[in-house]
Each structure stands twice: as structure tokens, then as C-alpha cells.
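Chemist: Could you have a look at this structure, given as C-alpha cells, before my questions?
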Amino acid sequence: MEIKNRCDIDEKYKWDLSKLTDICEKRNDIFLETKKLTEKLKSYKGKIGNSPKNLFDALELSTKISRNLENLYVYAFLKHYEDTQYNNAQEYKNKVYKFYNEITEEISFFDVELLNIDYKIIEKYVLELKELEKYKFYLEKAFRYKKYTLSESEEKILSALSPVINSSKETFNSLDNTDLTFDKIKDENGNLVDFSNELYTKYISSNDRRVRKEAFELLYKEYAKHKNTIAQTYITNIKKDAILSRLRGYNSSLEASLYKDSVDIKVYKNLIDIVNKNLDKLHKFFSIKKKCLNLDEMHMYDVYASSASTFNKEYSFEEAKDIIINALNVLGQDYVNILCKAFDEKWVDVMPNKYKRTGAYSWGTYDSNPVLMLNYDNTINSVGTLAHELGHSIHSYLSNSNQDYLYHSYPIILAEIASTVNEVLLADYMLKNSKDKQEKEYILNDFLDSFRGTLYRQTMFAEFEYIVHEKEENNETLTEKALSDIYYDLNKKYYGDDIVSDDEIRYEWARIPHFYNSFYVYKYATGLSIACIIASDIINKKDGALDNYIKFLSSGSSNYPLEILKECGYDLSDPKVIENAFTIFDKYLFEYENLIEGEKN
């Protein structure tokens, strides 16, 4: 597949950012307006807690500044990610990033002064001034951080240093998206073609084992070249987490990360423990798959191969749209209408282009429609990715439509539920509509492999993060070798004896961008667990399941994440939620094994 320049991509496959363009470029005074709002907020310094009116006015100013900065920041990075070598977009992103940090530094006093007010006075003000009612939960959440907030001068220093403190992520992104260069690969027909990070998924799942092996080696050869630079970048990020959590008074980086969502550390540890107890199911899957692929040895480059090797269907983007609309019809006509709106209004940036950011994501602001970036490659994985990202986008659309700006932005732990429900429903629909055994085998293999990638693999990532951060906090030395050895040993444990853990896999940690958002990936695993139950309840038409799910999608961050889930009947603190997900994996594994045995007989 040839990777085109962005200017050569058909316009129908590009997203429409006109709403954000109008706000951020055509409205030339947004920088000046934000600066004026900042000066006005600064005039309340030392007076925020003097009266209910002062508190309300300061909160309103802070919110307007945040809203403007969000629009600027998101738009600048969306434009940059279209083509990371486009100088104008790079310059605009740098301008916005600098402005963002300048403004946040100037208003860093606000949170400190707010938290210095006695919370009893805050509660009294909310009762006295009706307009403050909308800020009640916002203030409650803010005051949870009071014991972890430093002095005004200390917070100002940290705010000023934020570009340096957070530079590891930007450094990795620049290296990963722009500076890594890959040799060409010979495709299934022997043609020498472009190879890249975003095309790796296509080639690593090829039916041709030679192509899979070559893709695997090409990818990790490049990361191995940069292993020491990436290791130092990542270790710096780990140290940053440890230092900031210690400065603020948390017991660990993990506690600091989970505190925002009011999630107990036990939830994180329970996930790792339960997944480890169920590794036998994953090993059984690989044992069956190894036989299907007729391999004497199964290597890491064979993991993504479909056992239905003669089924080699591709899906155009137009076909993917139709499949997804039909699959998600079970979520009701209102949901389907939003899906059609997403396609009609060009929320999706579809095709890969040179220097486009790798992977896929959904983003947007309160003042714009959601948008999602893909690197669509016509595989069934891309169909699943589209369904996944649409889950995020429609979650955003419904939250924006039903919540005030203060509560529109839901936390990631909830976002991954919405996206994964779509994946589960897609798999269910495609299985039920399979036309022959070969097609069904392909879909079953894909579902089981997606489950492996989401629940098992993301938990392995979570365990890796837990180990390396704990070592840093215990003053143990982290090096490239230590990171690679820890990762390699975990890989061997998770994948089992039926898989040869090739030496190259020890460098997989070096290509995972989510590691720079520490303790993020576990949410994919918990999201799948909840999503399996929600999807099953909707498919089986359980009373209230659909209404509860739409309510969930419309909730934003109007309550603590686990409380929002409890309101819909799902308790993530209960280990049975994770255990129930393995019941579904078992069900499909049983069906997969019977199908394979039936073909042999």
C-alpha cells in the first residue's frame, strides 16, 4: 500500500475541522480575549473567597479561559498530527503550546487560593448564591486535592516548568512519528513496498509467514537502534512521575494516577491478579492456533496471523461504514442517527499519509463536533478500530449535548467502556452473519485475538508499568537492559510455552506511546470487562440495559467514574466483573475449538 502525501488524499477521506478553524483562526481575537480574561481573573487574586459573587465570577473566568485554551490546544495538535513535518502547523502548535503554558502559569494562583478557602465557607456560599449550584460537584472534586496541593509559589514554579517536566512525551512522539525510518518490505507478491509503524498491523497479520517475520524484524530493528535514547526518555518520564507524586505527598505514582478517578489501588492490583490466574485460557488459545497454523514452533510474529489463512477479505471504508451501522443498530435509532451524522459531516480522517501521526484516536472540544483520526488499511482490524473510535466520538457527542462544559469531558476509564462496547457488538454481529465456516473462523479468531490484545496484553503492559515505577520508587537503578529484561520475562509468562519469545520482543516496550501517560493502559482492560457485560445485556435485551447505557454515555464526568457505573448497575470494584469477562472469552474459545475440530473431522 503506497503512502501518499496529504495533498494527494481525496478530500472525502479527510476530516472537516471548520468549526475549530472558525474559532481559532478566523476569530483572530481568541488569543487577545484569553489574555484579557486572564488579567481579569488575576484582579481577583486575594479576593476569591471574600464573597459568593467573587467566587462565582472567578470560577466563570477560569472556565472561559479553560474553554478557549482547550479549543486552541486541540486544534493546533490536530493540524500538526495531520502532517508532522508541515512547518506552518508545527509553528502554530508551538505558538499555542507556548501560549497555553504562559496562561496556565499566570493563573496557577487560582487553584491554590481556591483550596485555601475553608470548605465550610464554600458550602455556605453555594447555598447562598443560586448560580454557584452548577459548580458544587466541581468544587467537591477540587477540594479532594487540597492535601496534595503545594504553596502558591511552588505551584507557580511547577507550572512554569511544565514544558520541561512533560518533555519526555513530546520527545518520544517526535522520534516515533518523524525520525524513525524503516526499510522497505517485500509484500506477499514479492514487490518492494513502503513499510511504516502504521502499516505494521497489516503485515504482521499477513497469511505469508515470510512477510510476518520480515515485518517483525524490520520494526524492532529500528527500535533497537534507538533503544538507549528511548530508554532514557522513558526513564525520565518514570522519574518525573515519582518526583511529582512524592512532592505532592502521595504514597506512590500509582496512587497519584488513580486518585483523579477515585479508584482504589486494589482495583488495579485485582486486575493483574485475576488476569494472571486466567493465563491458562490464553495459553489454550495459542495451543489451538498453533495447530491450526501447522507450526512446529509458534513465534511472536505468528501471534497475529489468522488461523483462517485462506480467508483474505478486505473491507473498503464504505463497506466498513455499512457493517458498523448494521452492527450498532441494536443501540437504537437515535444512536444510529448520530453515526450517520459522523459520516455525513466528515468527522473521520481516514487514510494514512506521509508524516501523519501513527495509530488512531478520537478528540475534539465542547465547541466542536468530535473528530477521529485513522490510518485505515482495509483490514478487519481497521473496521474494528473505526467502531472503537466511533464509540469515543459518540460518547463525546452525547456528553457534550447533555452536560455543562464543566462536566463534558469524561475520564479515560469510562471512555474505554464506550469504545469497547462497540467492538463487542461488532464481533457479535459479524459472527451471527457469517456465511461459511471459514469466515466464521476468521471472525472468531479476530475476536479472541482482540480480547487477547485488550484484556491480556494491556494488563501485561499495566504490570510492566507497576514493576518499573515501583523499582524507581524503591531507588533501584533502571537501565535499558533492566526495562528490556523485565518486559521480556513478562512476555514469556503471559504468552506461555507454546510461543517462542523472540529476542526482538524485548524492545516492544520502546514503541508503546501510552507508557508516557502512566497507568493509563489498565483502563482498556477494565473497559473491556465492563463492556462485555453491557454488550451482553443489550444483546439479550435485559430490562433497562439500553436506557442505562445511553444514560451512561450522556453522563460525562458529572459524578465519580465508579459511581456513574454503579448507577447503571455495574460495580468495577467487584472482582467478579473481571472474572465474568473470562466467561465470555471461554464461550468464544469453546466455539472456536469446536469449529476447528469440526473442520478436521
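The values are calculated or read from the model by the stated rules, or taken from the named source; none is laboratory data. Computed from a predicted model, the values in this text were never measured in an experiment. Methodologically, a virtual Cβ is constructed for each residue, glycine included, from the backbone with ideal geometry; neighbour enumeration extends over all protein chains shown.
Chemist: Scan the stretch 62-107 for residues that are farther than 26 Å from LEU406 by Cβ and either hydroxyl-bearing (Ser, Thr, Tyr) or surrounded by 17 or more Cβ atoms within 10 Å (Cβ to Cβ) (or both) and report the count.
Modeler: Our first condition is that a residue be farther than 26 Å from LEU406 by Cβ; within the stretch 62-107, this holds for 79-95, 98.
Narrowing the set further to residues that are either hydroxyl-bearing (Ser, Thr, Tyr) or surrounded by 17 or more Cβ atoms within 10 Å (Cβ to Cβ) (or both) leaves 79-84, 86, 89, 92-93.
Residues meeting the conditions: 10.
Chemist: Still on this structure, please answer the following. Name every residue in the stretch 328-351 that is farther than 28 Å from SER536 by Cβ and more than 22 Å from the chain's Cα centre (by Cα), in order of residue number.
Modeler: ASP344, GLU345
Chemist: Same structure again: With respect to the numbered conditions (1) touching a residue at least 24 places away in the same chain (Cβ under 8 Å); (2) of a type in the set (D, E, K, R); (3) surrounded by fewer than 15 Cβ atoms within 10 Å (Cβ to Cβ), which one is the sole condition not fulfilled by LYS277?
Modeler: That leaves (1) as the condition not met.
Chemist: Further question: Sort out which residues of the stretch 127-151 are under 14 Å from ALA256 (Cα atoms) and among the aromatic types (Phe, Trp, Tyr), and write them in order of number. I'd like the intermediate steps shown before the answer.
Modeler: From the stretch 127-151, those under 14 Å from ALA256 (Cα atoms) are 144-149; that's our starting set.
Listed by number, the residues that qualify are TYR145, TYR148.
Every residue, every condition in (1) over 18 Å from the mean Cα position of the chain (by Cα); (2) outside any helix (DSSP H, G or I), yes or no:
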{"residue": "TYR397", "(1), (2)": "no, no"}
{"residue": "SER401", "(1), (2)": "yes, no"}
{"residue": "LEU406", "(1), (2)": "yes, no"}
{"residue": "TYR410", "(1), (2)": "no, yes"}
{"residue": "LEU425", "(1), (2)": "yes, no"}
{"residue": "GLU441", "(1), (2)": "yes, no"}
{"residue": "ASP446", "(1), (2)": "yes, no"}
{"residue": "MET460", "(1), (2)": "no, no"}
{"residue": "VAL468", "(1), (2)": "yes, no"}
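Chemist: For the stretch 353-376, give me each residue that is more than 16 Å from the chain's Cα centre (by Cα), more than 25 Å from SER401 (Cα to Cα) and either aliphatic (A, V, I, L, M) or buried (at least 21 other Cβ atoms within 10 Å of the Cβ) (or both). Give the steps one after another, and end with the answer.
Modeler: Of all residues in the stretch 353-376, those more than 16 Å from the chain's Cα centre (by Cα) come to 353-356, 365-369, 376.
Keeping just the survivors that are more than 25 Å from SER401 (Cα to Cα) gives 353-356, 376.
Passing the criteria: LYS356, TYR376.
Chemist: So which residues in the stretch 181-238 are within 21 Å of ASP449 (Cβ to Cβ), touching a residue at least 40 places away in the same chain (Cβ under 8 Å), not in a helix (DSSP H, G or I) and not hydroxyl-bearing (Ser, Thr, Tyr)?
Modeler: Those that are within 21 Å of ASP449 (Cβ to Cβ), touching a residue at least 40 places away in the same chain (Cβ under 8 Å), not in a helix (DSSP H, G or I) and not hydroxyl-bearing (Ser, Thr, Tyr): ASN197, GLU198, LEU199, ASN207.
Chemist: Which of the residues belonging to the stretch 504-543 are farther than 22 Å from LYS269 by Cβ and not in a helix (DSSP H, G or I)? If you could, list the steps in order and put the result at the bottom.
Modeler: If we filter the stretch 504-543 for residues that are farther than 22 Å from LYS269 by Cβ, which is where we start, we get 504-508, 510-511, 513, 516, 534-543.
Hits for the stretch 504-543 are ASN540, LYS541, LYS542, ASP543.
Chemist: Of everything in the stretch 294-317, what is modelled with pLDDT under 90 and more than 26 Å from the chain's Cα centre (by Cα)? Give them in sequence order.
Modeler: SER307, ALA308, SER309, THR310, PHE311, ASN312, LYS313
Chemist: Looking only at the stretch 319-370, which residues are over 14 Å from LYS12 (Cα atoms), in a strand (DSSP E or B) and modelled with pLDDT of 95 or more?
Modeler: Result: SER362, TRP363.
Chemist: Restricted to the stretch 114-137, and to residues that are surrounded by 16 or more Cβ atoms within 10 Å (Cβ to Cβ) and in a helix (DSSP H, G or I), which residue is farthest from the chain's Cα centre (by Cα)?
Modeler: TYR125
Chemist: Just need a number here: residues in the stretch 549-573 that are at positive phi and buried (at least 16 other Cβ atoms within 10 Å of the Cβ).
Modeler: Applying the first criterion (at positive phi) to the stretch 549-573 yields 556, 569.
Still in the list and also buried (at least 16 other Cβ atoms within 10 Å of the Cβ): 556.
Residues meeting the conditions: 1.
Chemist: List pairs: first in the stretch 545-570 and assigned to a helix (DSSP H, G or I), second of a type in the set (Asp, Glu), Cβ under 6 Å, 6+ apart or cross-chain?
Modeler: Here the result reads ALA545/ASP537; PRO561/ASP261, each pair linking the stretch 545-570 to a residue that is of a type in the set (Asp, Glu).
Chemist: Next up: Any residue in the stretch 18-26 that is buried (at least 20 other Cβ atoms within 10 Å of the Cβ), under 28 Å from LEU129 (Cβ atoms) and in contact (Cβ under 8 Å) with a residue 40 or more places away in the chain?
Modeler: Looking through the stretch 18-26, none of the residues is buried (at least 20 other Cβ atoms within 10 Å of the Cβ), under 28 Å from LEU129 (Cβ atoms) and in contact (Cβ under 8 Å) with a residue 40 or more places away in the chain.
Chemist: Also: Is there any pair with a first residue in the stretch 60-89 that is among the acidic types (Asp, Glu) and a second that is modelled with pLDDT of 95 or more whose Cβ atoms are under 8 Å apart and which are 6 or more apart or on different chains, and what are they?
Modeler: Every condition considered, the pairs that remain are GLU70/THR365; GLU70/TYR366; GLU82/ASP349.
Chemist: Another question about this same structure. Mind listing just one residue for me: the one in the stretch 470-484 that is in contact with a helix residue (DSSP H, G or I) (Cβ under 7 Å, 6 or more places away or on another chain) and assigned to a helix (DSSP H, G or I) and, of those, surrounded by the most Cβ atoms within 10 Å (Cβ to Cβ)?
Modeler: LEU483
Chemist: Okay, moving on. Is it the case, given these coordinates, that SER419 is in contact with a His (Cβ under 8 Å, 6 or more places away or on another chain), modelled with pLDDT of 95 or more and in a helix (DSSP H, G or I)?
Modeler: Working: in contact with a His (Cβ under 8 Å, 6 or more places away or on another chain): yes; modelled with pLDDT of 95 or more: no; in a helix (DSSP H, G or I): yes.
So SER419 does not fit the description; no.
Chemist: Collect the residues in the stretch 230-274 that are aromatic (Phe, Trp, Tyr) and surrounded by fewer than 20 Cβ atoms within 10 Å (Cβ to Cβ), keeping them in residue-number order.
Modeler: If the condition is that a residue be aromatic (Phe, Trp, Tyr) and surrounded by fewer than 20 Cβ atoms within 10 Å (Cβ to Cβ), then TYR250, TYR259 are the ones that fit.
Chemist: Spot the failing condition for LYS53; the list is (1) surrounded by fewer than 17 Cβ atoms within 10 Å (Cβ to Cβ); (2) under 30 Å from SER206 (Cβ atoms), and only one is missed.
Modeler: Only one criterion is unmet by LYS53, namely (2).
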